[in-house]
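Asker: One structure follows; several queries about it will come next.
The values are calculated or read from the model by the stated rules, or taken from the named source; none is laboratory data. Nothing here was measured: the structure is a model prediction, and the numbers come from that model. When we count neighbours, we look across all protein chains shown, and the Cβ atoms used for this are built from the backbone with ideal geometry, even at glycine.
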Amino acid sequence: MEQKKWSLQIGGRILEVETGQLAKQANGAVTVRYGETIVLATAVMSQKASRVNEYFPLMVDFEERYYAAGKIKGSRFIKREGRPSDEAILSGRAIDRTIRPLFNHRMRNDVQVILTVLSYDGENDPGIAAIIAASTALSISDIPWNGPVAAVRVGRLNNHLVLNPINGELTEGDLNLLLSGTQDKINMIECGAKEVSEEDIFQAFTFAKEAIAKITNFILQIQKEVGKKKSEPVLLQGTPEFEAKIKKMLLKEGIAKALYDEDKKIVEKRTTSIQEKITQYIEENFVEEAEKLKEVAEIVFEEVSNDIVHKNILEKDLRPDKRKLDEIRSINCQVKVLPRTHGTGLFTRGET
């Protein structure tokens with residue numbers, strides 16, 4: 001791939017994307033620079049189906065490196081990087097939650113998205129650069145994906161919203177909001193705040209959404225210039241007739257009612273009973289394809305259940321445990337639970 005660069009001003013700094021220099025054998029690879037923070041994103045996909053059958057096999061890995069901050073790891077004898085830090089794990093999870101919903105969950109190709117922090121300036125968050133890098137790498141690759149997405153962080157200092165604040169501005173302010181999304185919708189939220197009102201949070205959302213739309217348009221331009229044609233993924237699916245039959249059975253057996261009860265165990269008992277009847281139907285009528293069709297039936301079960309739950313939440317404010325949208329589960333907190341430790345606490349929320 002020919003080496004190319006694109007740049008965009010966002011939050012008073014230049015966001016720079018470069019392709020064609022590193023990881024040329026990946027399906028898609030970019031480096032994203034924001035200030036002096038630089039993140040390399042690589043996205044690869046297997047050509048054949050994964051050995052993992054029960055879920056879409058996506059792996060997201062956020063790799064910190066001591067050299068990125070100009071440091072040398074360890075003593076004279078320990079030069080290897082250690083296990084990932086808590087911050088690296090949380091950054092990886094934020095990226096996963098941002099990009100995963102935009103894949104077809106029936107896909108069974110292995111997909112790996114690796115984010116490596118090459119340089120960290122101590123001010124600009126590598127997690128923000130990593131989400132943008134992952135989105136761009138997937139967008140220009142041949143991996144089927146319904147992006148792009150972008151992410152920004154919003155802080156508030158002296159009652160003024162700050163886009164992508166540097167570390168000092170975050171610690172001094174009363175809001176730390178990480179928002180990811182497509183041009184039209186928000187699909188990942190992380191927030192810490194000091195009793196900020198809902199009106200102010202909504203204002204921060206609107207402020208962030210404008211920047212997200214600007215970045216996603218930027219990524220779309222890059223995709224038009226260097227993006228590859230998307231390949232055909234390996235999908236877990238049965239014939240239209242088979243899937244229609246399973247949906248009809250689920251509705252006939254009362255899945256819409258089975259999903260709702262204050263007691264989780266009752267819901268599990270009801271849904272398990274319905275699934276057992278479908279398994280019996282498959283084993284009796286599709287002997288040779290039984291194992292594969294059981295997995296297809298599980299996918300159909302999830303899709304039908306999700307449709308019912310989402311529709312009831314949006315139209316009736318009804319959640320599976322019959323709570324309203326503004327109701328929280330009962331919370332119980334205890335301290336001094338164990339006698340000999342320096343300190344213990346037990347936090348219970350509902351049945352969790």
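Asker: Out of 301, 286, I need the residue that is among the aromatic types (Phe, Trp, Tyr) and under 28 Å from the mean Cα position of the chain (by Cα). Which one? Break it down into steps so the answer makes sense when it comes.
Answerer: Working: 286 fails: under 28 Å from the mean Cα position of the chain (by Cα).
Only one candidate qualifies: 301.
Asker: If the requirement is being outside the structural domain of residue 99 (by TED's automatic domain parsing), small (Gly, Ala, Ser) and under 23 Å from residue 53 (Cα atoms), which of these qualifies: 290, 258?
Answerer: Working: 258 fails: under 23 Å from residue 53 (Cα atoms).
After applying the criteria, what remains is 290.
Asker: Have a look at 319, 340 and point out the one that is surrounded by 10 or more Cβ atoms within 10 Å (Cβ to Cβ) and in a loop (DSSP other than H, G, I, E, B). Can you show your working first?
Answerer: Values: 340 fails: surrounded by 10 or more Cβ atoms within 10 Å (Cβ to Cβ).
Just one listed residue meets the conditions, 319.
Asker: Among all residue pairs at least 6 apart or on different chains, which show Cβ distances below 7 Å where the first residue, located in the stretch 221-249, is in a helix (DSSP H, G or I) and the second is surrounded by fewer than 17 Cβ atoms within 10 Å (Cβ to Cβ) and of a type outside the set (A, V, I, L, M, F, W, C)?
Answerer: These pairs meet every condition: 226/4; 249/281.
Asker: Right, here's the next one. Report the residue count in the stretch 170-195 for those that are surrounded by fewer than 17 Cβ atoms within 10 Å (Cβ to Cβ) and either farther than 24 Å from residue 100 by Cβ or not assigned by TED's automatic domain parsing to the domain that holds residue 130 (or both).
Answerer: Number of matching residues: 6.
Asker: Could I ask something else about it? Among the numbered conditions (1) assigned to a helix (DSSP H, G or I); (2) of a type in the set (A, V, I, L, M, F, W, C); (3) over 18 Å from residue 263 (Cα atoms), tell me where residue 347 comes up short.
Answerer: In the conditions (1) assigned to a helix (DSSP H, G or I); (2) of a type in the set (A, V, I, L, M, F, W, C); (3) over 18 Å from residue 263 (Cα atoms), residue 347 misses (1) alone.
Asker: Looking at (1) in a strand (DSSP E or B); (2) closer than 23 Å to residue 68 by Cα, which one does residue 189 not meet, given that it meets all the others?
Answerer: Evaluating residue 189 over (1) in a strand (DSSP E or B); (2) closer than 23 Å to residue 68 by Cα leaves (2) as the failure.
Asker: Going by the conditions given, is residue 287 assigned to a loop (DSSP other than H, G, I, E, B) and free of Cβ contacts under 8 Å to residues at least 60 places away in the same chain?
Answerer: Judged against the criteria, residue 287 is a match.
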